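**Q** Take this structure, written in structure tokens, and hold onto it; I'll ask about it next.
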Amino acid sequence: MTGLPWDASYHDGPAPWDVGRPQPAVARLAAEGGFAGAVLDAGCGTGENALHLASLGLSVLGVDVAETALAIARAKAAERGLEVEFAVADALQLERMGRRFATVLDCGLFHSFDGEERPGYVASLASVTERDGTLYVLCFSDVGPDPGPHPVSEEELRAAFNPSSGWKVAAIEADRVQTRFHDDGAPAWLATIKRI
Ligand SMILES: C[S@@+](CC[C@H](N)C(=O)[O-])C[C@H]1O[C@@H](n2cnc3c(N)ncnc32)[C@H](O)[C@@H]1O
């Protein structure tokens, strides 16, 4: 688990990605009815996306390796009177939870894994996603000015998620990821991926 370095990024005020509200792309997907059934937010950070989905009545588990982020997420849930489960778990070993989800969200986690880690991460996601379930990956993209760190190409997404790894890419669309350092967000891909 790569928990300690990640935890440190939550010690001195909000991390660069911690914008204090759900990502617009996630809120839009939710408004369009894109989330159903049990939802997993992998690498949930301080929980804004998970909390937003819970506020819409969805059943959500947010997992992260950063205990400090999870403590902040739990405090926000209590303050807002929302029921959301937040737990420590390594996204590279999700099968250890012994649970299944109809919809999985990865907002900013995929692009933090290097090429060697990705096959394990993709298999870990597959192990907890129901057949016909949907995975959304919102990650920095390599197309457009002022990219975020570790931008990903569309080809990298397609190489990672394919029938041999248990997935079929339904759509990859250009979007934005809001950060504390981009006025109008950074270029992103929003990938909709089906478990087969
Ligand atoms: C860029 S942040 C995004 C956080 C959150 N999704 C958001 O949009 O604010 C990536 C998150 O993934 C978490 N993370 C990194 N490696 C992880 C792993 N192996 N398992 C679970 N969480 C991990 C980090 O602690 C961090 O909170």
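The values are calculated or read from the model by the stated rules, or taken from the named source; none is laboratory data. The structure presented is a predicted model; accordingly, all values stated were derived computationally and were not measured. Reconstructed Cβ throughout: ideal geometry from the backbone, glycine too, with neighbour counts over all protein chains shown. When the accessible area is computed, the model is the full protein with side chains, heavy atoms only, and any ligands, DNA or RNA have been set aside. Shrake-Rupley method; radii C 1.70, N 1.55, O 1.52, S 1.80 Å.
**Q** Please list LYS76, LYS194, LYS168 from largest to smallest accessible area, probe radius 1.4 Å, with all protein chains kept in place.
**A** Largest accessible area first, the residues go LYS168, LYS194, LYS76.
**Q** How would you classify the chain from its alpha-carbon gyration tensor, with a ≥ b ≥ c the square roots of the eigenvalues: rounded for a/c under 1.5, else prolate if a/b is greater than b/c, otherwise oblate?
**A** rounded
**Q** Sticking with this structure for a sec: When only Cα pairs under 8 Å and 6 or more residues apart are kept, what is the percent relative contact order across segment 64-196?
**A** 23 percent
**Q** Moving on to the next point. Could you give the length gained on full extension between ALA31 and GLU117, defined as 0.36 nm per residue of separation minus the Cα-Cα distance, in nm?
**A** 27.7 nm
**Q** Related question: What fraction of the DSSP beta bridges in the chain is antiparallel, stated in percent and rounded to the nearest 5?
**A** Close to 45 percent.
**Q** Enter the accessible area of ARG158 (Å², nearest 10), with the probe set to 1.4 Å and all protein chains included.
**A** 110 Å²
**Q** Rounding to the nearest 20 debye, state how big the charge dipole of the chain is about its Cα centre with +1 on each Lys and Arg Cβ and -1 on each Asp and Glu Cβ.
**A** 660 debye
**Q** Nearest 500 deg cm²/dmol is fine: what mean residue ellipticity at 222 nm does the chain get from its DSSP H runs of n ≥ 4 alone, each adding -39,500 (n - 2.57), divided by its residue count?
**A** About -8000 deg cm²/dmol.
**Q** I've got another one for you. Just to check I understand the Karplus step: with θ = phi - 60° and J = 6.51 cos²θ - 1.76 cosθ + 1.60, what whole-Hz values come out for segment 171-183, glycine and proline as x?
**A** Result, rounded to whole Hz: 6, 10, 10, 5, 8, 10, 10, 6, 9, 6, 10, 10, 4.
**Q** So with the 1.4 Å probe, I'd like the accessible area per residue for segment 55-196, rounded to whole Å².
**A** Here the per-residue accessible area is 47 Å².
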